[in-house]
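The values are calculated or read from the model by the stated rules, or taken from the named source; none is laboratory data. Keep in mind that what you see is a predicted model, and the values were worked out from it rather than measured. Neighbour counts run over all protein chains shown; Cβ positions are idealised from the backbone, glycine included.
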Amino acid sequence: MNANNGGKSEKSSAYYALGVLTLVYSFNFIDRQLLAILQESIKADLSLKDAHLGLLTGFAFAAFYVTAGIPIARLADRSNRRNIVALAVFTWSFMTSISGMAQNFVQLLLARIGVGVGEAGGSPPSHSMISDLFPPQKRATAMGVYSTGVNIGILFGFLLGGWLNEFFGWRIAFVVVGVPGILLALLVRFTLAEPRREISMRTAQAAEPSSLKKVLALLWSRSSFRYLGLASALNAFAAYGIANWTASFMIRSHGMETGELGTWLAFILGVAGAVGVVSGGVLSDKLGRNDKRWYVWLPMLFLLVAAPFTAVAFSVDSRYYALLLLFIPGAVLNAYLGNVIAVTHGLVPSDMRATASAVLFFIINILGMGLGPWTVGIVSDLLTPTWGDAALGVALGSVVPPAMLLGAICFYAASRRLRDDLAAVHK
């Protein structure tokens, strides 16, 4: 009876921790995505170009996000992960709030860099905690649930940002959205317990956690990871390109107001996206029992399906037709996240997981989040003299679908070596 109660208690604690960490990840993306729905107002107020906006949402944010991510992940593999997450939430929420005080591009850039540094401490420690809370056969599902934080955050970022901007302006929107995260930091610090780390044979024999050099060498030795990282980056390139520029496209090409548009995008990228992420993780765990390659085959299929819908969405004349078409990429483009995190953790021993996540996110974010929005912005600026307000739609249609197709090819390449690389971990 006591053992049974203890098992139920551990299970409840695991699901509570997963819920809180998913909420943290949601706030991560609320604060990150908020800028996308506000950027047309910010552009007009601060006299910016599309390249400036792409830099704010893309490379400048990503560069500091990934630079801080690896040392924080190394710390997480050695110390209390719960405390790192709590401090990270406080930092990015505070920096989001003061973004509303920016008077020029440089001030806003510095505030967004602060958000990026804070958010760097969120995911790698959380990934490591979740992998210690759930067994391998449930890990993709748990990571899929956690990854819905992307879509929940996008939902509320667009919904709150759109209506707050319409009624109160973009500055108030930053303040209102940032403050609750400070309270969430206290919830994490005082209600979550630090999970007991899973001990592998290699970990038990090691006096110290593996060095960064060893983690990088091991990941590089797994050819499936090399293709997986590139595929994930291309997937993210497409996903961030759409998420960060669709609002501006709909405002410029279809004349939509931020309130109505934010509501549409909340459902497209938030609700539909969350369903896709969870379904992708559950389906992968089910199919993966017989063949682990399904963990990368499904993201490959999702990209192949999404590419034509994306191309058409940015070229049609009807605003509502365009929005309906975007439901398909909105539902599937983030479904890769839970799978690639679970696969990456399966390729390394337990004491390398936070660092492996940071390496994966370095690749995803520097190439995907960093270059995706920025590339679209640069191409849009180059096309504006010829295409005018239609330039952004042409840029999106010419840049994003090819990235999806290349990503699908890389996922397939990863699948060809995946089973052998997973088996090598246990030798």
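Overview of results
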{"read-out": "The listed residue being part of a helix (DSSP H, G or I), modelled with pLDDT of 90 or more and within 26 Å of Met300 (Cα to Cα), out of Leu382, Leu392, Leu405, Leu422", "value": "Leu405"}
{"read-out": "3 or more residues in contact (Cβ under 8 Å) with a residue 12 or more places away in the chain and in contact with a Lys or Arg (Cβ under 9 Å, 6 or more places away or on another chain): qualifying helices (runs of 4 or more DSSP H) within region 305-362", "value": "336-346"}
{"read-out": "Residue within region 187-203 that is in a loop (DSSP other than H, G, I, E, B), at pLDDT below 90 and closer than 25 Å to Arg417 by Cα present", "value": "yes"}
{"read-out": "Residues of region 386-405 classified as buried (at least 18 other Cβ atoms within 10 Å of the Cβ) and either farther than 28 Å from Ile251 by Cβ or out of contact with any Phe, Trp or Tyr (no Cβ under 6 Å at 6 or more places or on another chain) (or both), total", "value": "6"}
{"read-out": "Filter pass, Ile366 being in contact with a helix residue (DSSP H, G or I) (Cβ under 7 Å, 6 or more places away or on another chain), closer than 28 Å to Arg289 by Cβ and assigned to a helix (DSSP H, G or I)", "value": "no"}
{"read-out": "Neighbours by Cβ (under 7 Å, 6+ apart or cross-chain): first from region 123-139, of a type in the set (A, V, I, L, M, F, W, C); second surrounded by fewer than 24 Cβ atoms within 10 Å (Cβ to Cβ) and in a loop (DSSP other than H, G, I, E, B)", "value": "Met129/Pro195; Leu133/Pro195"}
{"read-out": "Count of region 128-176 residues which are in contact with a Lys or Arg (Cβ under 8 Å, 6 or more places away or on another chain) and either among the small types (Gly, Ala, Ser) or surrounded by 24 or more Cβ atoms within 10 Å (Cβ to Cβ) (or both)", "value": "6"}
{"read-out": "Qualifying residues in region 85-114 (those that are of a type in the set (Gly, Ala, Ser) and under 20 Å from the mean Cα position of the chain (by Cα)) - the one surrounded by the fewest Cβ atoms within 10 Å (Cβ to Cβ)", "value": "Gly114"}
{"read-out": "Counted residues, region 277-304 - those being surrounded by fewer than 21 Cβ atoms within 10 Å (Cβ to Cβ) and under 18 Å from the mean Cα position of the chain (by Cα)", "value": "2"}
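Yes or no, residue by residue, for (1) of a type in the set (Phe, Trp, Tyr); (2) modelled with pLDDT under 90; (3) not in a helix (DSSP H, G or I):
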{"site": "Asn83", "(1), (2), (3)": "no, no, no"}
{"site": "Met101", "(1), (2), (3)": "no, no, yes"}
{"site": "Ile113", "(1), (2), (3)": "no, yes, no"}
{"site": "Gly116", "(1), (2), (3)": "no, yes, no"}
{"site": "Lys138", "(1), (2), (3)": "no, yes, no"}
{"site": "Thr148", "(1), (2), (3)": "no, yes, no"}
